[in-house]
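The values are calculated or read from the model by the stated rules, or taken from the named source; none is laboratory data. All values reported here derive from a predicted model rather than from experimental measurement. Here the Cβ is made from the backbone with ideal geometry for all residues, glycine too, and neighbour counts use every protein chain on show.
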């Protein structure tokens, strides 16, 4: 797969638009005797908030990798905006996808600000934003993710955004990952357990603050209590050691 080929808009600031469609997708990792995913078909409408549920190892993270075209399906096809993923320039495609994983990389000897903007530095350079503008934008993103007030705790973050990230908790680490993904202002936002450790009230706040009308937001979750906030949900389950979507 060539990363330099494929379509991208003349104005690279234009986003990725359209529904996400899986059509009879089957996939297995190299060396595996059986499929990780088998005959998966569904459509995620643009602008929707969707829950992806299932036990660990059921294929939820694999679905993310396929959407980002880190792998291609063995059978079937995946489309966005009516075009197969191969149609798009892979680098541009991934630049329009924000992803927050369960254990995002944290640079312990870097500041909170440096950790949050990691991966978006070139975006700020292109926009010509100065340090003050960047900090205001970070504040906006952290407020959107409902975590700004927490990072204003003067005991733990005495220097605010300039505080080094020596000792973040698991929840704080995930919050940095979520803010990092939101900072890209992506067309597609993929969140893996973003509310782990939050109570039901704060789960709802995080979801409603993060869901923008232009994004297809896909969130994996093991806890069914989270389904209350979803437009609709898919369940990944095992059947004869292969994974199916319902």
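Within segment 161-172, count every residue that is assigned to a helix (DSSP H, G or I) and modelled with pLDDT of 85 or more.
Of all residues in segment 161-172, those assigned to a helix (DSSP H, G or I) come to 161-162, 170-172.
Checking which are modelled with pLDDT of 85 or more leaves us with 161-162.
Residues that pass the stated criteria total 2.
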Options 189, 112, 161, 168: the member that is closer than 21 Å to residue 69 by Cα and surrounded by 13 or more Cβ atoms within 10 Å (Cβ to Cβ)
189
Just to be sure before I move on: is residue 37 surrounded by 19 or more Cβ atoms within 10 Å (Cβ to Cβ), modelled with pLDDT of 85 or more and in the same structural domain as residue 149 (by TED's automatic domain parsing) in the structure I sent?
no
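Would you call residue 187 under 28 Å from residue 79 (Cα atoms) and modelled with pLDDT of 80 or more? Walk me through it before giving the result.
Working: under 28 Å from residue 79 (Cα atoms): yes; modelled with pLDDT of 80 or more: yes.
Yes; evaluated as a whole, the condition is true for this residue.
On the given criteria, is residue 70 free of Cβ contacts under 8 Å to residues at least 24 places away in the same chain and either exposed (fewer than 15 other Cβ atoms within 10 Å of the Cβ) or under 19 Å from residue 187 (Cβ atoms) (or both)?
On the way: free of Cβ contacts under 8 Å to residues at least 24 places away in the same chain: yes; either exposed (fewer than 15 other Cβ atoms within 10 Å of the Cβ) or under 19 Å from residue 187 (Cβ atoms) (or both): yes.
It is true that residue 70 is free of Cβ contacts under 8 Å to residues at least 24 places away in the same chain and either exposed (fewer than 15 other Cβ atoms within 10 Å of the Cβ) or under 19 Å from residue 187 (Cβ atoms) (or both).
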Being surrounded by fewer than 11 Cβ atoms within 10 Å (Cβ to Cβ) and either at pLDDT 80 or above or not assigned by TED's automatic domain parsing to the domain that holds residue 88 (or both) is the filter here, so list the residues in segment 8-33 that pass it.
30, 31, 32, 33
